[in-house]
Amino acid sequence: MKTTTFRLRTVGSESITDITARCAAFAQDAADGGDGLLNIFVPHATAGLAVMELGAGSDVDLLALLARFLPADDSWRHAHGSLGHGRSHVLPAFLPPSATVPVIGGDLSLGTWQSIALVDLNADNTDRTVRLSLLSDGAAP
């Protein structure tokens, strides 16, 4: 298994960050033309991952849905930090902190419009780490 991490800074408010290119570059290098499974993991209690279409309004729609479903108000028992911070701790129950994508011939096997996105509602922590791990078939290409 080959593993790497990278860091990114989110915008400090509700955000969706496309990490597809970084995932694809790692998969291409780590798979060396072979097949495998890429696991993407965000080791944070307040962020999640989504495999979805980005742009064309889908990302804005997701943030709007999350704002309605997980409002940034004072109703959360987990109440430290900025207003509504508790919702960030509930987010990973709906958008998990990990995703697995097949790698075929060194390429991510995503659908035509699919991207890999880090979803972050936490304004209190904008410094994020993403761990990428490729479990390969071990076969030479």
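Among the candidates Leu65, Leu91, the residue that is surrounded by fewer than 19 Cβ atoms within 10 Å (Cβ to Cβ) and either not in a strand (DSSP E or B) or not β-branched (Val, Ile, Thr) (or both) is uniquely Leu65.
Condition check ((1) among the basic types (Lys, Arg); (2) farther than 30 Å from Asp35 by Cα; (3) more than 18 Å from the chain's Cα centre (by Cα)) across all residues:
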{"residue": "Ala45", "(1), (2), (3)": "no, yes, no"}
{"residue": "Met52", "(1), (2), (3)": "no, no, no"}
{"residue": "Leu62", "(1), (2), (3)": "no, yes, no"}
{"residue": "Ala79", "(1), (2), (3)": "no, yes, yes"}
{"residue": "Ser109", "(1), (2), (3)": "no, no, no"}
{"residue": "Ala123", "(1), (2), (3)": "no, yes, no"}
{"residue": "Thr129", "(1), (2), (3)": "no, no, no"}
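The lone criterion from (1) surrounded by 15 or more Cβ atoms within 10 Å (Cβ to Cβ); (2) under 27 Å from Ala64 (Cβ atoms); (3) of a type outside the set (Phe, Trp, Tyr) left unmet by Thr112 is number (1).
Among the residues of the range 14-26, is any among the aromatic types (Phe, Trp, Tyr), crowded, with 17+ Cβ neighbours inside 10 Å, more than 20 Å from Val90 (Cα to Cα) and in contact (Cβ under 8 Å) with a residue 12 or more places away in the chain? Within the range 14-26, one or more residues are among the aromatic types (Phe, Trp, Tyr), crowded, with 17+ Cβ neighbours inside 10 Å, more than 20 Å from Val90 (Cα to Cα) and in contact (Cβ under 8 Å) with a residue 12 or more places away in the chain. Taking the numbered list (1) within 18 Å of Asp124 (Cα to Cα); (2) part of a loop (DSSP other than H, G, I, E, B); (3) modelled with pLDDT of 95 or more; (4) not charged (D, E, K, R) in turn, Pro96 passes all entries but (1).
How many residues does the range 73-115 hold that are charged (D, E, K, R) and touching a residue at least 24 places away in the same chain (Cβ under 8 Å)? Final tally of qualifying residues: 2. Selection of the range 1-38 for residues being closer than 24 Å to Ala67 by Cβ, in contact with a helix residue (DSSP H, G or I) (Cβ under 9 Å, 6 or more places away or on another chain) and of a type in the set (S, T, N, Q) yields only Ser15.
The values are calculated or read from the model by the stated rules, or taken from the named source; none is laboratory data. It should be emphasised that the depicted structure is a prediction, and the values quoted were computed from it without experimental measurement. Glycine gets a Cβ as well: all are built from the backbone with ideal geometry, and neighbour counts include every protein chain shown.
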